[in-house]
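Here's the structure we're looking at; comments come further down.
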Amino acid sequence: MYDYLFKLGTWALLVLTAICMISSGAQFNGTTYHLGEKEAQVTVPVNAGHLNLTLSEKTENMTLFDELGKNVTFNSSYRFWRGDHIYSLTFARPIIGRLIYNMHLQGQQFILPIRDHGPLCIILPAGFTTGERSLGIARPAPDEFVEDESGSILTWNNTTQISYIEVNYYRRSAPQALMIILVLLALTGLVLLAQYYISIRKLKAARIEMENETNGKDR
């Protein structure tokens, strides 16, 4: 059952990757990060018999697919050096395909150090978006940003001058919710201001009445 779900999720990811390629207006040959609620599924293009990966965290469940979508076995070695998790993958033959692995996420912020300066694509979780400065934006701004039913897709075609990418994202309904909160706060402020004004007038009227009573007694 787990293998079936994994394969189903992998095929769905490949479809989203294809959408990412189409959205860039040209063949996309970079790394794709498909963000979920707690994990990101990473797809790395492969066109070699050997691949080195340097990651900021340890990963599991690396899977290699060839150009026909068939699972390909490979040998791997791992070492940890100066805070980096380094993987060396060796294939039985030169492969044209994609390597897929997972990485953990925390909150609604994705920070990605750029180690390999190639094109990359980030697909936000379903129901999430970015771009509203008060709620969250992408730094640096992507070269392309596409929103459709499949999700929000951000693409950077050239990362040679970028040291890291930071994407803060939020639910699509967040701007409307924020507007409702601001309206309620404004209405609350108007009510308090009106109550303050009424209280001041009552105090002023009471003071005038007391002064009139005092003046009447003096006479």
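The values are calculated or read from the model by the stated rules, or taken from the named source; none is laboratory data. Please read these numbers as outputs of a predicted model, since none were measured by experiment. A quick note on method: Cβ atoms are made from the backbone with ideal geometry, for glycine too, and the neighbour counts reach across all protein chains shown.
See the values below:
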read-out: Search result, residues across the stretch 82-96 that are touching a strand residue (DSSP E or B) at 6+ places or on another chain (Cβ under 6 Å) and farther than 15 Å from Leu53 by Cβ; value: Pro94, Ile96
read-out: Checklist (1) in contact (Cβ under 8 Å) with a residue 24 or more places away in the chain; (2) over 20 Å from Ile114 (Cβ atoms); (3) surrounded by 11 or more Cβ atoms within 10 Å (Cβ to Cβ) applied to Asn29, failing item; value: (2)
read-out: Pairs with Cβ under 7 Å, 6+ apart, first in the stretch 41-65 and assigned by TED's automatic domain parsing to the domain that holds Asn75 and farther than 14 Å from Leu105 by Cα, second charged (D, E, K, R) and crowded, with 17+ Cβ neighbours inside 10 Å; value: Thr43/Arg98; Val44/Arg98; Pro45/Arg98; Val46/Arg98; Phe65/Arg98
read-out: In the stretch 82-112, the residues that are among the aromatic types (Phe, Trp, Tyr) and either touching a Gly at 6+ places or on another chain (Cβ under 8 Å) or surrounded by fewer than 11 Cβ atoms within 10 Å (Cβ to Cβ) (or both); value: Phe91
read-out: 2 or more residues of a type in the set (Lys, Arg): qualifying strands (runs of 3 or more DSSP E) within the stretch 48-120; value: 84-104
read-out: Residue in the stretch 44-68 that is surrounded by the fewest Cβ atoms within 10 Å (Cβ to Cβ), counting only those that are touching a Leu at 6+ places or on another chain (Cβ under 6 Å) and of a type in the set (Val, Ile, Thr); value: Val44
read-out: Unique match (being of a type in the set (Lys, Arg), more than 22 Å from Val167 (Cβ to Cβ), surrounded by fewer than 16 Cβ atoms within 10 Å (Cβ to Cβ) and in contact with a strand residue (DSSP E or B) (Cβ under 8 Å, 6 or more places away or on another chain)) among Arg79, Arg115; value: Arg79
read-out: Condition check for Ile123: surrounded by 15 or more Cβ atoms within 10 Å (Cβ to Cβ) and either touching a helix residue (DSSP H, G or I) at 6+ places or on another chain (Cβ under 7 Å) or closer than 17 Å to Ala48 by Cβ (or both); value: yes
